[in-house]
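Derivation of every value follows stated rules applied to the coordinates shown; laboratory data play no part. Because the structure is a prediction, the values reported are computed rather than measured. Cβ atoms come from the backbone with ideal geometry, glycine included; neighbour counts cover every protein chain shown.
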Ligand code: HEM
């Protein structure tokens, strides 16, 4: 098959460790992406409806969600970088080939993320200045979903070495896209529907802040709970579609692997619990921090289960095309790995400290007038 020849540089850490770190950081990246997508949906909903009804509380609910979007975007980007590094190290021969073929679309992600970032700042400013945030919010949502599309296209094309030669013969300019693969849309929709789940969980979490009014709290709880429950059901549907759209041989290979079976069950069990928790909080408009945190934790576990299963789809697909990720030469550099893990723990400590500082800080103004 058409994979470029083996990289002469051996891998600097055990493959299992890289895969573990890749899966953990990708689950975090997905969680951040999904909160971003869901928050944008809720901002548009509350801002559009709130202005229409003349409800200052509902517009304030949109502001509470919107003013956290720039920070969320930082998490999306920073949590995307580690899995990108592991992806290149473990699957470089596949991902570099697909990225070159759709080079223009792939590189456009950088500019689209910058545009998205700018729009998010404009969105916050618009709501703060009593203007409508609906148009800007919808545009930012479309761009965010478009970026996700490009990722799904590249992550699918990297698994299709059989079309690379033909695509390269067709154009060497990197101007083409990748269309017609039945697995791309289901996997993209899976993450986008996860946006409903995580956006809802995020709204439920924010509804527990002490300095918002009861009116804002109720809007966040009702919409957050309903969105989580709806998203959970839709995500299960998308997950079934992702699996059924895979070639028969890939499905059989995954089905015979205990790790992927367990991760599939983990996803299903935790997404159901998450949806039920959301439905409960939304229907009763009651929530508290333990409930909201439990929802976010079960939501994260569902993302982790899905990420491991997704890794299985990739490995089983590539294996059938002659690329065995476990067969690469490894020459572990333990002093560097040790230093990396030490810095990782220090970073977690700093994050915790920053969160504590934030907790003690004076509460920001969340209420906006019409
Ligand atoms: C608004 C911005 C972003 C959105 C909406 C987004 C969305 C997505 C989606 C939907 C996927 C899954 C694709 C699939 O498998 O079908 C994905 C994967 C990925 N994203 Fe993001 N992403 C964003 C920004 C970024 C950034 C800035 C980075 C890196 C700096 C990044 C790194 C990655 C990596 C490395 C993967 C795949 C990892 C793997 O397969 O091992 N993403 N992203």
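Quick one: Debye curve from the alpha-carbon atoms of segment 185-229 only, equal weights, vacuum; give me log10 I(q)/I(0) at q = 0.31 Å⁻¹ to two decimals.
Log10 I(q)/I(0), no solvent term: -0.97.
Which order do the peptides 352-363, 73-84, 188-199, 214-225 take when ranked by the mean count of other beta-carbon atoms within 10 Å per residue, highest first? Intermediate values should be presented prior to the final figure.
Details: 352-363: 8.5, 73-84: 16.2, 188-199: 24.8, 214-225: 22.6.
With the highest mean Cβ count within 10 Å placed first, the list reads 188-199, 214-225, 73-84, 352-363.
What three numbers, in Å, describe the spread of the alpha carbons of the chain along their principal axes, ordered from the longest?
Between the extreme Cα coordinates on each principal axis of the chain lie 62, 44, 36 Å.
If each DSSP helix of 4+ residues adds -39,500 (n - 2.57) and the sum is divided by the residues in the chain, what number results at 222 nm, nearest 500 deg cm²/dmol? Numbers along the way, then the final one.
Values: 13 runs with 289 residues, N = 370.
Rounded to the nearest 500, it is -27500 deg cm²/dmol.
Mind jotting down a quarter of the surface of the convex hull over the alpha carbons of segment 101-245, in square nanometres, one decimal?
On the way: hull surface 42.4 nm².
Value for segment 101-245: 10.6 nm².
Compute the angle between helix 69-78 and the longest alpha-carbon principal axis of the chain, please, reported from 0 to 90 degrees and rounded to the nearest 10.
Its long axis makes an angle of about 20 degrees.
Would you mind computing Rg(Cα) / (2.2 N^0.38 Å) for segment 1-97, counting N as its residues?
Numbers: Rg = 20.2 Å, N = 97, 2.2 N^0.38 = 12.5 Å.
Normalised Cα radius of gyration, segment 1-97: 1.61.
For segment 290-370, what is the Kirkwood hydrodynamic radius in Å, using each pair of distinct C-alpha atoms?
Working: mean 1/r = 0.0560 Å⁻¹.
Mean inverse Cα-Cα distance, inverted, gives 17.9 Å.
Can you put 44, 142 in order of Cβ neighbours within 10 angstrom, beginning with the fewest? Let's see the in-between values first.
Working: 44 23, 142 13.
Listed from fewest to most nearby Cβ atoms, that is 142, 44.
Anyone know which of 53, 68, 310 comes out most mobile in the 10 Å Cα GNM of the chain?
In this elastic network of the chain, the residue with the biggest mean-square fluctuation among 53, 68, 310 is 53.
Using the alpha-carbon atoms, what tilt in degrees (0 to 90, nearest 10) does helix 134-157 show relative to the longest principal axis of the chain?
Here the helix axis deviates by roughly 20 degrees.
Mean-square fluctuation check for the chain, GNM, Cα pairs under 10 Å: which of 340, 30, 267 is largest?
340
Return the Cα extents of segment 235-370 along principal axes one, two and three, sorted largest first, each rounded to a whole Å.
60, 46, 30
At a temperature of 10 °C and a viscosity of 1.306 mPa s, determine how fast segment 327-370 diffuses translationally according to Stokes-Einstein, using the Kirkwood radius over alpha-carbon pairs as Rh; express D in µm²/s, rounded to the nearest whole number. All intermediate terms of the calculation are to be shown ahead of the outcome.
On the way: Rh = 14.3 Å.
It diffuses with D of about 111 µm²/s by this estimate.
Taking 2.2 N^0.38 Å as the expected size of a compact globular protein, what ratio does the Cα radius of gyration of segment 274-337 give against it, to two decimals?
Working: Rg = 19.9 Å, N = 64, 2.2 N^0.38 = 10.7 Å.
Normalised by 2.2 N^0.38 Å, the Cα Rg of segment 274-337 equals 1.86.
Using only Cα atoms, what is the ratio of the radius of gyration of segment 214-315 to 2.2 N^0.38 Å? Mind dumping the intermediate values first?
Numbers: Rg = 15.9 Å, N = 102, 2.2 N^0.38 = 12.8 Å.
So segment 214-315 has a normalised radius of gyration of 1.25.
I need 115, 28 ordered by Cβ neighbour count within 10 Å, fewest first.
Details: 115 15, 28 21.
Fewest-to-most Cβ neighbours within 10 Å comes out as 115, 28.
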